[in-house]
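> Structure provided below as structure tokens; questions to follow.
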Amino acid sequence: MDKLLREIPQVAKIIERFKGVYPEEVIKRAAREVTQEYRREIRNGLRDRTDTLLGDVEKRIRALLSTNLRKVVNATGIVINTNLGRAPLHREALEFVKEIGEGYSNLEYDLKKGERGSRNSHVEGILCELTGAEAALVVNNNAGAVYLVLNTLAAGKEVVVSRGELVEIGGSFRIPDIMKASGAVLREVGTTNKTKTRDYEEAISENTALLMKVHRSNFYMEGFVQEVNLEELSQLGKKYGVPTYYDAGSGLLINIREMGINSQEPSFGECLRKGIDVVSGSGDKLLGGPQAGIILGRRELLEKVKRNPMARALRIDKLTLAVLEKSLRLYLEGRYREIPVIRMLSQTEKELRGRARKLARMLRKLEVFETEVLKDMAKPGGGSIPEVELPTYCVAVKQKGMNPEELARRLRLCEPPVVGRIKRDVLLLDMRTVSDTELTDILRAFTSLL
Ligand SMILES: *Cc1c(COP(=O)(O)O)cnc(C)c1O
């Protein structure tokens, strides 16, 4: 034991070894940590060699220098994957962020008048043009948008919502909770599976501020079910002079069938044409932009929402605004097919199969992994179109003597990390969310496992 302990070099020696390659402060910290760990392990009889020490110090230095937030290869096939950062962004939008972030901008400055301007003005006109809305406001995210709409239009009054739509979106976002936080009073109507126009109608009183409909987002109901659609709800609102609000969840700016997806999911524009007064949704779901909450609708209602002091607390940041404006402009220019989310969702089976075969060939060359190209079905993802499953192609990977959970875990610890999904006890790498250039990243990860 004493011999092993004596073999551990002094921290100063280790610093000398790595000096000039890494920052000295970082070498010092890594050297201290690793030599202490080695001493402890030797004393506890857990270590019988020290020749690995310099390698371990270098690994520690690299770990200390690497960022916590990292690029990940998403091989789950879930396009709108909230855990993995939702929408990847268009290259031009990112270049624009750099331009705006590097220096000053007219964020809240009217260049024509030489006086204070509004950050919302950079996207409001574009959103109105794309959706036919009279007015628009963008905030931090859709959770913030829901809160702001309810707080502005319904604090201290009642909001009528179907019992079939009192949903939890994920995290701590539950409709009854956000309603309570906003100061509005939830007036639930109907039943879990059936809600009729009459149910809303009977709940309307002088205390009613809003008729609200909520997208179910992460589940759907089948069978003995009935709900009031957007047209019926807006007609009812007009009949009684009560505004209607739809939390659309995902912000869709085009007809979803243009992506080859067979769904009735209405776009923002369709919701408004059906007579809904205010609609809101996320910027980073089907829209394919940055995290943002987009509120659209009738001018006099939006004016009130904009004047709410909480709008300041929920305001969008300039970097996000830059990405959002560029992403929206891609729609204006008819270039929305280039938006990564839309591109990934519109891929053909042939494209996906081709990529799966290519990856399978690459991995087979390593002569360690068994691969098989499989057709599968996968959901588009978080809070978008829960009733839809899309056909996709995957590479099923196996390694002899290793269970799929362990293989998946090792891949997650690679650089860059690769995240797949396990189905029926096999690790699948789904090609829908993997780009051609990421195939070499995946190959590199598997090579590092050898
Ligand atoms: C996703 C979602 C939200 C929350 O949106 P964020 O942009 O993630 O804050 C709210 N309501 C519905 C119906 C959703 O699907």
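> Grab the Cα-Cα distance for GLU168 and GLU33, subtract it from 0.36 nm times how many residues apart they are, and report the gain in nm with one decimal.
44.2 nm
> State log₁₀ I(q)/I(0) for the stretch 142-242 at q = 0.24 Å⁻¹ as given by the Debye formula over alpha-carbon point scatterers of equal weight, solvent excluded.
Here log10 of I(q) over I(0) equals -1.40.
> Report the gain in length on full extension from ARG299 to VAL26: 0.36 nm times residue separation, minus Cα-Cα distance, nm rounded to one decimal.
Details: separation 273, 0.36 × 273 = 98.28 nm, distance 5.59 nm.
Result for the pair: 92.7 nm of gain on full extension.
> Let me test this: with uniform point scatterers at the alpha carbons of the stretch 2-65, what is the Debye-based log₁₀ I(q)/I(0) at q = 0.16, 0.17, 0.30 1/Å?
Log10 I(q)/I(0), no solvent term: -0.47, -0.53, -1.34.
> Compute the accessible area per residue over the stretch 91-338, keeping the other protein chains in place, probe 1.4 Å, unit Å². Spell out each step's value before the answer.
Details: 11390 Å² over 248 residues.
Per residue, the stretch 91-338 has 46 Å² of solvent-accessible surface.
> Follow-up. Taking the Cα centre of the stretch 2-65 as origin, sum charge times position over the Cβ atoms of Lys and Arg (+1) and Asp and Glu (-1), and report the length of that vector in debye to the nearest 20.
80
> Still on this structure, I have one more. Take the chain, drop everything but the C-alpha atoms, weight them equally and run the Debye formula without solvent; then report log10 I(q)/I(0) at 0.06, 0.11, 0.13, 0.14 Å⁻¹ to two decimals.
-0.36, -0.96, -1.15, -1.24
> To continue, here is another question. Output the 0 to 90 degree angle, nearest 10, between the alpha-carbon long axis of helix 24-43 and the longest principal axis computed from the alpha carbons of the chain.
Helix 24-43 sits at roughly 70 degrees to that axis.
> Could I ask something else about it? Add +1 for every Lys or Arg and -1 for every Asp or Glu among the other residues with Cβ under 14 Å from the Cβ of GLU222, and state the total.
-1
> In nm, to one decimal, how far is the ARG43 label point from the SER121 one, both placed 7 Å along Cα→Cβ?
6.8
> I'd like the FRET efficiency for LEU107 and GLU222, computed as 1/(1 + (r/R0)^6) with the beta carbon distance as r and R0 of 41 Å, rounded to 0.05. Before the final figure, lay out the partial values.
Numbers: r = 47 Å, r/R0 = 1.15.
Working from the Cβ atoms, E equals 0.30.
> Alpha carbon centre of the stretch 1-46 versus the stretch 107-160: separation in Å?
Using only Cα atoms to place each centre, the spacing works out to 56 Å.
> Mind putting a number on the dipole of the stretch 211-273 about its Cα centre? Charges go on the C-beta only, +1 for Lys and Arg and -1 for Asp and Glu, and I need it in Debye to the nearest 20.
Approximately 200 debye in magnitude.
> Just in the stretch 134-237: which GluC sites (Glu not before Pro) are loop by DSSP and have at most 16 other Cβ atoms within 10 Å?
Loop-located and lightly packed - GLU134, GLU206, GLU222.
> Also: Using helices alone, I'd like the mean residue ellipticity at 222 nm for the chain: each DSSP H run of four-plus residues gives -39500 (n - 2.57), total over residue count, nearest 500.
Roughly -12500 deg cm²/dmol at 222 nm, from the helical runs in the chain.
> Using a 1.4 angstrom probe on heavy atoms only, work out the carbon and sulfur share of the accessible area of the chain in %.
Answer for the chain is 48 percent, counting heavy atoms of protein chains only.
> Here is a follow-up. Work out the charge dipole of the chain with +1 on the Cβ of Lys and Arg and -1 on the Cβ of Asp and Glu about the Cα centre, then indicate which of ALA396, TYR22, ILE294 is farthest towards its positive end.
Result: TYR22, furthest along the dipole toward the positive end.
> While we're here: If each of ARG337 and ARG307 carries a label point 7 Å out from its Cα toward its Cβ, how far apart are those two points in nm?
Modelled inter-label distance: 4.6 nm.
> For a Förster distance of 45 Å, can you work out the FRET efficiency between the beta-carbons of GLN10 and LYS98, rounded to the nearest 0.05?
Computed FRET efficiency for GLN10 and LYS98: 0.50.
> Note the per residue figure in Å³ for the convex hull of the C-alpha positions in the stretch 366-421.
Spread over its residues, the Cα hull of the stretch 366-421 gives 110 Å³ apiece.
> Trypsin sites (Lys or Arg not before Pro) within the stretch 95-183: which are DSSP loop residues with at most 14 other Cβ atoms inside 10 Å?
LYS112, LYS113
> Something else: Compute, for the chain, the length of the dipole vector about the Cα centre, with Cβ point charges of +1 (Lys, Arg) and -1 (Asp, Glu) only. Units Debye, rounded to 20.
It works out to roughly 1260 debye.
> Here's something else I'd like to know. Averaged per residue, what accessible area in Å² does the stretch 2-65 show with a 1.4 Å probe, protein chains only?
Working: 4400 Å² over 64 residues.
Accessible area per residue, the stretch 2-65: 69 Å².
> Pull out a ≥ b ≥ c, the square roots of the eigenvalues of the alpha-carbon gyration tensor of the stretch 240-347, then state rounded if a/c is under 1.5, prolate if not and a/b is larger than b/c, and oblate in the remaining case.
Taking the square roots of the gyration eigenvalues as a ≥ b ≥ c, the stretch 240-347 is oblate.
> Let me ask something else. For the full complex of protein chains and a 1.4 angstrom probe, list THR447, THR35 by accessible area with the highest value first. Walk me through the intermediate numbers first.
Details: THR447 65, THR35 5 Å².
In descending accessible area the options line up as THR447, THR35.
> Right, next: What is the spread of the Cα atoms of the stretch 154-207 along each of their three principal axes, largest first, in whole Å?
33, 28, 9
> Okay, moving on. Among residues other than ALA396 whose Cβ falls under 13 Å from its Cβ, what is the net charge (Lys/Arg +1, Asp/Glu -1)?
With Lys, Arg at +1 and Asp, Glu at -1, the neighbours total +2.
> While we're on this one: So, counting K/R as plus one and D/E as minus one, what does the shell of residues with Cβ under 10 Å around ARG187 add up to?
Every neighbour counted, the sum reads -1.
> Angle, helix 438-449 long axis vs. longest principal axis of the chain, Cα atoms, 0 to 90°, nearest 10?
Compared with the principal axis, the helix lies near 40 degrees.
> Here's something else I'd like to know. How do 431-440, 288-297, 329-338 rank on mean C-beta neighbours within 10 Å, highest first?
288-297, 431-440, 329-338
The values are calculated or read from the model by the stated rules, or taken from the named source; none is laboratory data. Small disclaimer: the values here were computed from a predicted structure and weren't measured. Neighbour counts are summed over all protein chains in view; Cβ atoms, including those assigned to glycine, are modelled from backbone coordinates with ideal geometry. Accessible surface areas use protein heavy atoms only, side chains included; no ligands, DNA or RNA. Shrake-Rupley method; radii C 1.70, N 1.55, O 1.52, S 1.80 Å.
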